[in-house]
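A.B. asks: Take a look at this one; I'll ask things after.
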Amino acid sequence: EHVFDIQAMNYRPKPLREAYDSFFSAHGIVPGRAAMFDDLEKNLAVPHAVGMATVQVVAGADYAHEQVESWELTRV
């Protein structure tokens, strides 16, 4: 129902902890009752640490995108 973009984060984007904290606060999110889905593992570290369920969405082997480095798509 809402958009929480880079401007709403005061230009302090994920994976910075303060980006998530401002999102939780703005929308009344209780981390232990929420889930975070992301394609980049680095963006899941903070949500996991604060108790969110986290799911890494893994791209297919043939996926390529000009804004994503190949190392960002590898599984750890």
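A.B. asks: How many residues are assigned to a loop (DSSP other than H, G, I, E, B) and either open to solvent by less than 70 Å² (accessible area, probe 1.4 Å) or out of contact with any Asp or Glu (no Cβ under 6 Å at 6 or more places or on another chain) (or both) when one looks only at segment 1-40?
C.D. replies: Qualifying residue count for the region: 21.
A.B. asks: Please find, among Asn43, Asn10, the residue that is at positive phi and not charged (D, E, K, R).
C.D. replies: None of the others qualify; the one that does is Asn10.
A.B. asks: Which of the residues belonging to segment 15-56 are more than 20 Å from Val3 (Cα to Cα), of a type in the set (A, V, I, L, M) and in contact with a strand residue (DSSP E or B) (Cβ under 7 Å, 6 or more places away or on another chain)?
C.D. replies: Scanning segment 15-56 gives Ala53, Val55.
A.B. asks: A follow-up question, please. On the basis of being more than 13 Å from the chain's Cα centre (by Cα), open to solvent by 80 Å² or more (accessible area, probe 1.4 Å) and not charged (D, E, K, R), does Val58 make the cut?
C.D. replies: no
The values are calculated or read from the model by the stated rules, or taken from the named source; none is laboratory data. Since this is a predicted model, take the numbers as computed values, not measurements. So basically every Cβ, Gly included, is an ideal-geometry build from the backbone, and we count neighbours across all protein chains shown. Please note that ligands, DNA and RNA were not included when accessible areas were found on the heavy atoms of the full protein model with its side chains. Shrake-Rupley method; radii C 1.70, N 1.55, O 1.52, S 1.80 Å.
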